[in-house]
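Undergrad: Questions regarding the structure given below will be posed in turn.
The values are calculated or read from the model by the stated rules, or taken from the named source; none is laboratory data. Predicted model, so just to flag it, every value in this text is computed and none were measured. So basically every Cβ, Gly included, is an ideal-geometry build from the backbone, and we count neighbours across all protein chains shown. Protein only, heavy atoms only, side chains kept; ligands, DNA and RNA dropped before computing areas. Shrake-Rupley method; radii C 1.70, N 1.55, O 1.52, S 1.80 Å.
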Amino acid sequence: MTAEWVLLTREHVDAVAVLAGAADVDPDIGVRQLWNGGALQLVDAGGVVLLTLLQSRRLDVDVDARRLLGAEGRGAWEATEPPLWWTEIHTAAQPPFRGTATRVVRAIATAAGGTAAPRSGPDAGPGDAGGERR
């Protein structure tokens with residue numbers, strides 16, 4: 001089972017931000033490229049996949065963020081001025097990996113100067129997208 005997160009940032013989320021966020025949580029987290037650089041995957045010291053971060057996409061107007069995140073994600077899209085970069089992250093949702101993955105997502109958002117919003121999974125609150133596409 002996985003959980004879905006979105007990062008909204010002012011700049012493209014690069015490998016430097018991903019590595020900084022991961023190292024802030026656990027310096028033993030490893031990184032590997034997927035799909036010729038289309039995604040990065042972070043793994044724990046035992047090789048368990050913690051998260052897969054897809055290539056960032058530029059949103060020129062915040063209407064897209066509002067539509068995709070809905071009212072529940074308001075804090076994320078209001079905290080970042082357009083143009084926005086939208087980065088999808090799929091994380092491990094089962095304990096004990098969920099806690100580490102969640103901390104890493106939030107640390108990457110901080111390193112990238114943006115905001116993290118859960119879209120589905122255990123970290124999504126009542127009324128969140130809960131896996132449904134809006």
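Undergrad: Answer yes if at least one residue in region 97-112 is in a loop (DSSP other than H, G, I, E, B) and at pLDDT below 90, and no otherwise.
TA: Checking region 97-112: not a single residue is in a loop (DSSP other than H, G, I, E, B) and at pLDDT below 90.
Undergrad: Residue 59 versus (1) closer than 21 Å to residue 1 by Cα; (2) at pLDDT below 90; (3) surrounded by 18 or more Cβ atoms within 10 Å (Cβ to Cβ); (4) among the aliphatic types (A, V, I, L, M): which is the lone unmet condition?
TA: (1)
Listed here are the residues, each with its yes/no results for (1) out of contact with any strand residue (DSSP E or B) (no Cβ under 8 Å at 6 or more places or on another chain); (2) of a type in the set (A, V, I, L, M, F, W, C); (3) open to solvent by less than 40 Å² (accessible area, probe 1.4 Å); (4) assigned to a strand (DSSP E or B).
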position	(1), (2), (3), (4)
8	no, yes, yes, yes
23	yes, yes, no, no
27	yes, no, no, no
36	yes, no, no, no
41	no, no, yes, yes
52	no, no, yes, yes
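Undergrad: Cβ-Cβ distance below 9 Å, separation of 6 or more or different chains: which pairs start in region 1-15 with a residue that is closer than 15 Å to residue 97 by Cβ and aliphatic (A, V, I, L, M) and end on one that is in a strand (DSSP E or B) and open to solvent by 20 Å² or more (accessible area, probe 1.4 Å)?
TA: The qualifying pairs are 3/90; 3/118.
Undergrad: For region 10-21, enumerate the residues that are open to solvent by 30 Å² or more (accessible area, probe 1.4 Å) and part of a helix (DSSP H, G or I).
TA: 15, 16, 19, 20
Undergrad: While we're on this one: Taking region 9-38 only, how many residues are in contact with an Asp or Glu (Cβ under 9 Å, 6 or more places away or on another chain) and modelled with pLDDT under 90?
TA: Counting residues in region 9-38 that are in contact with an Asp or Glu (Cβ under 9 Å, 6 or more places away or on another chain) and modelled with pLDDT under 90 gives 1.
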